[in-house]
Amino acid sequence: MMHHTVKELDGDAEMKGIVIYDTSYGNTKKIAETIEETLKESGLKVDLFHVKDIKELRGDYDFLVLGSPTKMTTMSWTVRRFIGKKIKGEEWANKPFAAFDTEGESVIRKGGGSAAEKIAGKLKGKGLKQIQPVFKAAVLGIKGPLKDGEIEKAKAYAGKLASELKGIGE
């Protein structure tokens, strides 16, 4: 069976991306779902996965959005291992990405350690291209909830991301 890429089959297929997240108490999942819905509403094709549900990640996506809760100033162990093992530089080189996280409001205010910034660093190290600054969603306690207004901010962020991606896809 021959493998066709979507682009060969229908000339100008829209870009297809994947949103991957880890979550401890459901806050990062909410942000991931908001980003995914907003990208879809803007006409992009998007798959959404919990990081633990991805057995292998092939490079047949056009872009990657990856998020994690911030734990001890960095990304979750699962996300770190995922980037190390599943993202192959040769398949993902030069592909656009964005990174997001959830962190305590005071950590964001003080500019403390951020999962999203560490994710961005690792993905750039694999040759991917960061096309938006990282997005940090504030949570009010260890278990959340998300601060009021963070879902709206995530929508606005994803909207900017969508227009950036569509610019690349043209």
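The values are calculated or read from the model by the stated rules, or taken from the named source; none is laboratory data. The model shown is predicted, which means the values in this text are computed figures rather than measured ones. Quick reminder, even Gly has a Cβ in these numbers, built from the backbone with ideal geometry, and neighbours come from all protein chains shown.
Laid out as a table, the results:
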| item | result |
| --- | --- |
| Of all residues making up the range 104-154, the number that are in a helix (DSSP H, G or I), closer than 20 Å to Glu33 by Cα, in contact (Cβ under 8 Å) with a residue 24 or more places away in the chain and under 13 Å from the mean Cα position of the chain (by Cα) | 4 |
| Looking only at the range 90-107, and only at residues there that are out of contact with any Ser or Thr (no Cβ under 8 Å at 6 or more places or on another chain) and over 22 Å from Gly169 (Cβ atoms), the one that is surrounded by the most Cβ atoms within 10 Å (Cβ to Cβ) | Glu105 |
| Residue list for the range 111-152, restricted to those being loosely packed, with under 14 Cβ neighbours inside 10 Å and at pLDDT below 95 | Gly111, Gly112, Gly141, Ile142, Lys143 |
| Residue in the range 42-69 that is nearest to Lys16 (Cα to Cα), counting only those that are in contact (Cβ under 8 Å) with a residue 60 or more places away in the chain and either surrounded by fewer than 17 Cβ atoms within 10 Å (Cβ to Cβ) or over 13 Å from the mean Cα position of the chain (by Cα) (or both) | Leu44 |
